[in-house]
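Working notes for the structure below.
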Ligand SMILES: Nc1ncnc2c1ncn2[C@@H]1O[C@H](COP(=O)(O)OP(=O)(O)OP(=O)(O)O)[C@@H](O)[C@H]1O
Ligand SMILES: [Mg+2]
């Protein structure tokens with residue numbers, strides 16, 4: 001697959017002297033969905049704004065489909081669509097006119113059929129003649145998405161697209177994202193809903209304090225860091241792990257009603273079979289067994305804690 | 001050149017104007033009528049003629065200039081300040097357009113609106129006074145140049161302003177006084193000699209004088225000087241805009 005977005009050693013120091021990006025490298029393949037996770041103030045919006053031309057990088061190089069975003073900004077920006085984090089919209093204007101404006105700004109001639117299609121897709125067609133200020137927050141978010149899609153971009157940035165959007169519409173939005181992906185659109189989204197990244201991303205990037213901590217395929221990440229836990233419910237409570245089982249990574253639950261075993265589900269052997277046999281030998285009776293795999297959320301929280 | 005974008009900005013800005021067309025039309029008609037009642041009737045009854053023209057007719061060019069200058073400035077400054085204020089400027093900054101295309105779109109729309117107001121006032125004036133325009137082409141040229149140059153000035157103010165107070169500041173503290181003192185309602189030859197000299201430092205004098213010449217064929221200062229003055233003013237505005245473009249001043253951090 002070809003690289004559509006390349007960010008090389010980009011730094012950004014704001015006029016206030018604050019260094020919001022400290023040497024970011026990022027390569028994005030055409031057609032993939034990357035979810036960018038990071039706590040508040042990590043630099044997600046700054047990174048997106050820098051790529052899209054809203055702020056200028058202090059150093060480094062960014063290209064979009066091979067076009068430098070500074071020297072060849074027209075070609076680079078033509079390809080990009082941006083849904084900003086803030087609900088910035090002209091309040092007194094009709095929905096459909098703001099979308100038409102966006103299309104024009106990006107150099108495309110009128111195409112009412114296409115605009116109708118995206119407004120319908122985003123359930124905004126009924127509201128096309130409403131003034132923006134008459135819309136709810138979630139509707140405004142969707143107007144921003146319609147604007148970003150109005151010029152048929154190849155790369156789409158979604159800065160917290162589902163903030164303030166209800167569950168049902170969020171699912172609809174994921175569907176729109178899936179459809180865009182199937183049309184070959186590359187999508188970079190930021191989110192604080194980690195289940196969202198889990199649900200739709202191909203790769204996950206984690207950024208904190210202006211540095212990218214990792215970018216990995218979602219499945220690899222979950223496998224690599226995915227520790228599994230086996231919880232063994234006991235018939236009779238124990239106060240501590242029996243001596244004969246001390247070699248296992250095992251601990252008793254707080255109330256002593258269960259033993260908890262941690263293992264790596266990708267390791268050559270999980271040790272579960274021998275553990276269960278040894279439990280029997282130790283004379284412990286089990287009433288139930290459950291396994292639990294750590295979610296992306298837990299992985300994310302651990303990672304950010306480590307670097308804090 | 002991204003013509004689609006210039007067109008999109010221009011039409012979007014004009015749409016704001018058309019939404020409030022009645023207001024855009026009525027307020028200049030009303031204010032012009034008031035000026036004619038107050039200045040024309042009250043003062044005009046005491047001043048018979050200025051430079052061989054009836055006082056009512058004499059003030060028409062100044063009246064048009066007064067409105068055109070303030071309208072052009074406030075339209076253009078508001079036009080670019082508003083997106084900054086509500087945050088929609090992100091779209092202009094991320095679109096494949098150059099700064100000059102943004103300027104053409106906004107300044108073009110602001111100048112069009114100012115021109116419209118100028119023509120409405122001219123039309124209204126015909127109801128009150130007997131008007132003959134000596135040099136119609138020159139009149140239009142002056143009018144359009146003034147619309148454009150003051151829209152450029154307004155654009156600069158809109159970029160510079162960081163709040164609504166600053167947005168009003170220059171029109172209120174600089175433009176309005178300069179226009180009032182620039183011979184809108186009198187000929188500078190009516191002033192005491194010292195004030196005549198001081199007045200010559202007011203750039204607006206040259207604009208109004210040149211515009212008045214296109215109506216009546218007579219002026220306070222030579223028409224050549226007027227033309228140089230408006231050309232210089234436009235050039236200064238363009239230079240400042242070029243500098244804003246180079247530095248990204250107050251638009252792109
Ligand atoms: N215009 C600015 N001037 C100075 N500092 C800024 C500016 N914009 C952002 N910052 C700072 O840069 C850092 C990164 O901000 P950014 O908006 O990129 O974070 P984020 O990851 O998008 O956070 P969130 O999840 O809250 O949206 C923050 O510390 C912020 O205070
Ligand atoms: Mg952000």
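Throughout, read-outs are computed from the coordinates displayed, never taken from laboratory work. Nothing here was measured: the structure is a model prediction, and the numbers come from that model. Cβ atoms come from the backbone with ideal geometry, glycine included; neighbour counts cover every protein chain shown.
Annotations
- On the beta carbon distance between residue B:173 and residue B:252, with R0 = 35 Å, the FRET formula returns roughly 0.80.
- Largest GNM mean-square fluctuation among A:184, A:81, A:267, using chain A with Cα springs under 10 Å: A:267.
- Chain A: angle of helix A:296-307 to the longest principal axis, Cα-based, in degrees nearest 10: 90 degrees
- Here the peptides A:174-181, A:243-250 are ranked by packing, the mean other Cβ count within 10 Å, and the order with the highest first is A:174-181, A:243-250.
- Relative contact order, whole percent, for chain B stands at 26, derived from Cα pairs under 8 Å and 6 or more residues apart.
- Inter-label distance for residue A:134 and residue B:201, nm, one decimal - labels placed 7 Å from Cα along Cα-to-Cβ: 5.5 nm
- Fully extending the segment from residue A:126 to residue A:25 would add 32.1 nm, taking 0.36 nm per residue of separation and subtracting the current Cα-Cα distance.
- The modelled label-to-label distance for the pair residue B:218/residue B:236, using points 7 Å beyond Cα in the direction of Cβ, is 3.0 nm.
- Quotient of Cα Rg and 2.2 N^0.38 Å for the protein assembly as shown, N being how many residues it contains: 1.38
- The peptide list B:65-75, A:89-99, A:292-302, put in order of mean Cβ contacts within 10 Å with the highest first, becomes B:65-75, A:89-99, A:292-302.
- Calculated FRET efficiency for the pair residue A:262/residue A:282, C-beta based, R₀ 22 Å, to 0.05: 0.75
- Taking each residue as 0.36 nm, the span from residue A:229 to residue A:71 lengthens on full extension beyond its C-alpha to C-alpha distance by 51.6 nm.
- Approximate spin-label separation residue A:273-residue A:167, in nm, with each point projected 7 Å along Cα-to-Cβ: 4.2 nm
- If R0 is 51 Å, the Cβ-Cβ spacing of residue A:298 and residue A:58 corresponds to a FRET efficiency of close to 0.90.
- Angle in degrees between helix B:99-128 and the longest Cα principal axis of chain B, rounded to the nearest 10: 30 degrees
- Here, the stretch A:227-293 has an Rg and a Dmax of 11.2, 32 Å when only alpha carbons are counted.
- Cα centroid separation, the stretch B:225-253 to the stretch A:9-87 (Å): 31 Å
- Value of [θ]222 nm, deg cm²/dmol, for chain B, DSSP H segments ≥ 4, -39500 (n - 2.57) each, nearest 500: -24000 deg cm²/dmol
- Gain upon complete extension [residue A:117, residue A:240; 0.36 nm per residue less C-alpha separation]: 37.9 nm
- One Cα centroid belongs to the stretch B:51-73, the other to the stretch B:162-176; the line between them spans 22 Å.
- Chain A - Rg over Rh from alpha carbon coordinates, Kirkwood radius: 1.11
- In chain A, the calculated helix contribution to ellipticity at 222 nm averages -10000 deg cm²/dmol per residue, counting -39,500 (n - 2.57) for every DSSP H run with n ≥ 4.
- Shape call, the stretch A:36-106: gyration tensor on alpha carbons, a/c limit 1.5: oblate
- Centre separation in Å (Cα based) which lies between the stretch A:132-205 and the stretch A:244-275: 41 Å
- Average beta carbon contacts from partner chains per residue of B:1-14, 10 Å cutoff: 4
- In degrees, nearest ten, helix B:136-160 long axis to first principal axis of chain B (Cα): 50 degrees
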